[in-house]
Amino acid sequence: MRSNDTTRFVHWKRSGDGKVRPAYRRTVPGGEFRVPLPADVDPESEEFRRAWDAADRLYHLQRTLPGVSRVVNPGTVDEALDMELRSPEHFVRAPSSKRQYEGHIERFRREFGHVMMKGITWQWVQDHKKKWANAGQQNQWNITRKVMRLVTDRFIKSCESEPRRRKLAPLSNPWGRTPKFRIETEKAERQNRPWPLDVIVRVLRGATPEFRNLLLIYLLTAQRGQDVLRFTRDPVTYNKAAGVLIFTQGKTKKAMRVPVAPQLAELLAPEGEALLRTPRGKLWKLENAQETLRTLLTNLGLPRYTLHGLRSTAVAALGEEGFAEIAIMALTGHSDARSIRIYLEGFDQQRAASPVVAALSAKIETALRQASLGANGGRVAGVTGRAAARLGIAERARVRRKKLRGENSA
């Protein structure tokens, strides 16, 4: 590639903070393709060149997506859906998520592609929500709502960046103001439900040593799948002296230092380049691990469980042991306690409350012991109750009589 290639299709625009930032920009039917480029580096630098190359490849790849090259009317649902398909965020989605998004987008396009985005009001969304509910398609509606919420946000943002297109944008996003259907699912049917103890035992017995190691690390670290698959024995991830795994969560970008359990330390002790390898000596991939688990469960005659369910298992076990949400969040990396409560739905409340009651009893034991020393052991053992009330009335009457005798004698 020639050195001056990186100046093509680069658009410099001043942001609200007054700083001029570059972006790779190409005009496409119904809108534009735009990817931000590094602003604080030399345009002739290698970093800028790599970013430009990535944006250029993304543009040419996305031009092959269905529906992108069609001519659409400005301001329609058709145009908004094409913007979503052209977005860098859609391009980097996982293949399964991408297929799901594209399926819902094309179904929505076939029915409502001609509708103006400005015409999709809150009342419009409510009316169609009722229709989908009457058809028994609540789950389908929830997914469509999620997709269209993102599509509408992107469309509004795109229109606001161009003064001549602002009149095409809705005043607000009606999909965001509409709650999704709350679908009650039986505990036994939840996708990422915790694993029962007997299932854990049977799966660990039937797994190969390599897959057993993978499952143990899922269970003992309570981390997400992609984060677990990055764990290695090298000092960057595993600090043997400190006994911690050091990594950054892929989803939250949160820096984590997870103490290593004794069972996990035994797996990390041997020398080797990588911890997680398949029986053939290759590195595990998430798809391979999921397929291996499905096959193993089928062979054992067990119902469906997921790898992410092991994260739920760890959270539920800690909740039943009485650990506070803040302590569980320190292990899992959650930033919102509401996420932890989802994992704790249906856990053994009595078992969790037992250590709490024991701690409460121990806390007030000293006070109870001190109160029992020299305490009134008679029938009237305090200052309340009918007997105590009668005693108090009699005592007050005696005091009054004594006071009257004193006044009369005077």
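Points worth noting:
- Near pairs, Cβ below 8 angstrom, 6+ apart or cross-chain, from segment 93-118 (assigned by TED's automatic domain parsing to the domain that holds D82) to any residue that is surrounded by 14 or more Cβ atoms within 10 Å (Cβ to Cβ) and basic (K, R): Y101/R93
- Residue that is surrounded by the most Cβ atoms within 10 Å (Cβ to Cβ), among those in segment 89-110 that are under 17 Å from L58 (Cβ atoms) and of a type in the set (D, E): E102
- Some residue of segment 128-141 being within 21 Å of E84 (Cα to Cα) and assigned by TED's automatic domain parsing to the domain that holds P88: yes
- Screening segment 199-269 for helices (runs of 4 or more DSSP H) wholly inside it with 1 or more residues that are in contact with a Lys or Arg (Cβ under 9 Å, 6 or more places away or on another chain) and farther than 23 Å from A316 by Cα returns the ranges 209-221, 262-268.
- Considering segment 192-218, and only residues there that are free of Cβ contacts under 8 Å to residues at least 40 places away in the same chain and of a type in the set (D, E, K, R), the residue that is farthest from R341 (Cα to Cα) turns out to be R205.
- Any hit, segment 77-95, residues being within 21 Å of N139 (Cβ to Cβ) and among the β-branched types (V, I, T): no
- Filter result for the condition that a residue is assigned to a loop (DSSP other than H, G, I, E, B) and out of contact with any strand residue (DSSP E or B) (no Cβ under 7 Å at 6 or more places or on another chain), over K157, K180, K167, K131: K180
- Exactly one residue among P163, P179, P170, P174 is farther than 19 Å from R86 by Cα, in contact with a Lys or Arg (Cβ under 6 Å, 6 or more places away or on another chain) and not aromatic (F, W, Y), and that residue is P170.
- Test: residue in segment 320-339 that is modelled with pLDDT under 65, in a helix (DSSP H, G or I) and out of contact with any Asp or Glu (no Cβ under 6 Å at 6 or more places or on another chain): no
- For segment 75-127, a tally of residues being of a type outside the set (A, V, I, L, M), assigned to a loop (DSSP other than H, G, I, E, B) and under 21 Å from F181 (Cβ atoms) returns 1.
- Qualifying residue in segment 314-335 (condition: hydroxyl-bearing (S, T, Y) and either under 13 Å from P196 (Cα atoms) or touching a Gly at 6+ places or on another chain (Cβ under 7 Å) (or both)): no
- Subset of segment 278-311 that is of a type in the set (K, R) and assigned to a loop (DSSP other than H, G, I, E, B) - its residue that is modelled with the highest pLDDT: R304
The values are calculated or read from the model by the stated rules, or taken from the named source; none is laboratory data. Note that the coordinates shown come from a computational prediction; the quantities given were computed from them, not determined experimentally. All Cβ positions, even for glycine, are placed from backbone atoms using ideal geometry, and neighbour counts span all protein chains on display.
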